There are 2 protein chains.
Amino acid sequence: MGTECHHADGAHPGIKGHALTHALGAAETRCAATQERLTAPRRRVLELLLGADGPQKAYDLIAAFGEHGEPAKPPTVYRALEFLERLGFAHRIESLNAYVPCRIDGTEHRAAFLICDCCGAAEEFEPDFTAQLKAAEAAGYEVATITLEARGRCPACRAD
Amino acid sequence: MGTECHHADGAHPGIKGHALTHALGAAETRCAATQERLTAPRRRVLELLLGADGPQKAYDLIAAFGEHGEPAKPPTVYRALEFLERLGFAHRIESLNAYVPCRIDGTEHRAAFLICDCCGAAEEFEPDFTAQLKAAEAAGYEVATITLEARGRCPACRAD
DNA sequence: CGGTGAACGTTATTTCGTAACATGGTGGCC
DNA sequence: GGCCACCATGTTACGAAATAACGTTCACCG
């Protein structure tokens with residue numbers, strides 16, 4: 001990361017306390033609506049993602065999982081992440097091998113990220129994929145999911 | 001991969017013999033033009049990518065590296081891949097942890113792929129990123145690279 | 001209750017990628 | 001030519017990321 005500037009990782013400070021409780025409650029509600037279960041490990045991983053200041057690696061989550069410092073076993077976290085991705089509560093950022101909580105409302109949307117190579121921030125934005133979907137259709141492909149990752153420098157790091 | 005249909009991996013058959021020699025020669029020429037060196041391991045990895053029928057994992061290349069079955073050491077191949085990516089001769093597909101040779105002419109372009117979840121084919125296409133670049137600019141980001149990976153089903157697999 | 005299926009716990013292993021340092025080749029420069 | 005600087009490679013070892021496989025627990029439903 002920071003090869004040129006020295007900001008703390010993550011332009012998105014994690015949410016805490018009240019806001020965090022509220023967000024977890026909202027997730028609970030959305031799960032209940034579709035007969036899905038926000039079990040303890042799933043809830044815990046979502047909590048860690050929401051509270052974090054930037055993209056979290058799986059082993060960051062594994063290390064932070066226990067309330068008193070005991071790490072989780074890898075499958076525990078990977079399974080929770082798989083669930084959270086499936087429900088749209090989290091996204092994997094392939095080029096970082098890391099995860100972020102979904103910052104965009106609505107149960108269904110495509111993922112796109114602006115990633116700062118300098119401070120490590122990853123900002124989700126609502127992408128307009130009409131051009132690419134048209135290209136895919138022209139090629140005869142049936143598209144299920146699209147992910148886009150743009151690497152560059154965030155406003156704060158550009159100012160340096 | 002093939003969870004639903006049984007095509008051979010890779011809609012793009014690799015190139016052989018004459019065409020392969022020609023492609024390697026062209027790469028050599030492009031390197032010479034920019035004072036870059038297409039050394040033996042770099043050339044060999046490019047040859048393997050061009051000859052393959054689909055995306056190749058790094059350890060596939062490592063295993064296939066030697067002409068007589070002896071594998072390469074990992075850094076040999078990873079360094080060659082890094083070089084090939086830098087010059088635009090190859091692309092990494094993040095969601096597969098795999099590599100493909102660049103199928104689009106021109107020394108500089110952004111990468112976008114249509115990936116078939118069924119047969120494993122990965123088709124490169126020339127993306128129009130104007131919408132996303134506009135969004136990035138609105139957010140104040142300076143974009144260096146963009147990659148897009150669309151997962152779905154290719155025409156052949158849809159026909160099943 | 002007892003059965004069914006999803007989720008979890010646990011152990012071990014595989015897959016992927018890189019750090020670190022020694023060696024070798026190439027090209028410039030006096 | 002001899003020397004040097006630089007880039008690329010060879011090699012060893014290690015660290016990070018992810019999953020396989022299997023047994024157990026738990027909620028729900030008849």
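The values are calculated or read from the model by the stated rules, or taken from the named source; none is laboratory data. What you see is a predicted model; the values in this text were computed from it and never measured. Cβ: placed from backbone, ideal geometry, glycine included. Neighbour counts: every protein chain shown. Keep in mind that these areas ignore ligands, DNA and RNA; they rest on the heavy atoms of the full protein, side chains included. Shrake-Rupley method; radii C 1.70, N 1.55, O 1.52, S 1.80 Å.
Under a 1.4 Å probe, what is the accessible area of chain A per residue, stated in Å²?
On a per-residue basis, 53 Å².
Return the carbon/sulfur percentage of the accessible area of the stretch B:110-160, one whole number, probe 1.4 Å, all protein chains in place. Intermediate values should be presented prior to the final figure.
Working: 1060 of 2080 Å².
The C+S portion of the solvent-accessible surface of the stretch B:110-160 is 51 percent.
Apply 1/(1 + (r/R0)^6) to the Cβ-Cβ distance of A:A63 and B:T39, taking R0 = 45 Å, and write down the FRET efficiency to the nearest 0.05. List each step's numbers first, then the result.
Details: r = 40 Å, r/R0 = 0.90.
Result of the calculation: an efficiency of 0.65.
Take every DSSP beta bridge with both residues inside the stretch B:110-160 and express the antiparallel ones as a percent of the total, to the nearest 5.
Numbers: 3 of 9 bridges.
Antiparallel bridges: around 35 percent, rounded to the nearest 5.
On a 27 Å Cα-Cα criterion, which of the cross-link pairs A:K134/B:K16; A:K16/A:K57; A:K73/B:K73 come out too long?
Listed pairs above 27 Å: A:K134/B:K16; A:K73/B:K73.
For the full complex of protein chains and a 1.4 angstrom probe, list B:K16, B:K134 by accessible area with the highest value first.
Sorted descending by solvent-accessible area, the residues read B:K134, B:K16.
Quick one: Karplus J couplings for the stretch A:55-62, per residue in order, coefficients 6.51, -1.76, 1.60, θ = phi - 60°, nearest Hz, x for Gly and Pro?
Coupling constants for the stretch A:55-62: x, 10, 6, 4, 6, 5, 5, 4 Hz.
Using 7 Å Cα-to-Cβ label points, what is the B:E28/B:R86 separation (nm, one decimal)?
So the two model labels end up 2.2 nm from each other.
Along the Cα-to-Cβ line of A:E126, 7 Å from the Cα, sits a label point; which residues in the stretch B:120-154 have backbone N less than 19 Å from it?
From the stretch B:120-154, the list is B:130-141.
Testing the spin-label approximation: label points 7 Å from Cα along Cα→Cβ at B:A138 and A:L20. State their distance in nm.
3.2
Of all DSSP beta bridges located in the stretch A:63-160, what percent are antiparallel, nearest 5? Could the numbers behind the result be given before it?
Numbers: 7 of 13 bridges.
DSSP beta bridges in the stretch A:63-160 are roughly 55 percent antiparallel.
Would you be so kind as to list the residues of the stretch B:137-160 that have their accessible area lowered by at least 40 Å² in the full protein complex compared with their chain by itself (1.4 Å probe)?
By number: B:G140, B:Y141, B:E142, B:T145, B:T147, B:L148, B:E149, B:R151, B:R153, B:P155, B:R158.
Just want to confirm a number: the relative contact order over chain B, from Cα pairs under 8 angstrom separated by 6+ residues, in percent.
25 percent.
With a 1.4 Å probe, what is the total accessible area buried between chains B and A, in Å² rounded to the nearest 100?
2700
Between the stretch A:10-80 and the stretch B:119-153, what's the alpha-carbon centroid distance in Å?
With the stretch A:10-80 and the stretch B:119-153 each reduced to a Cα centre, they are spaced 29 Å.
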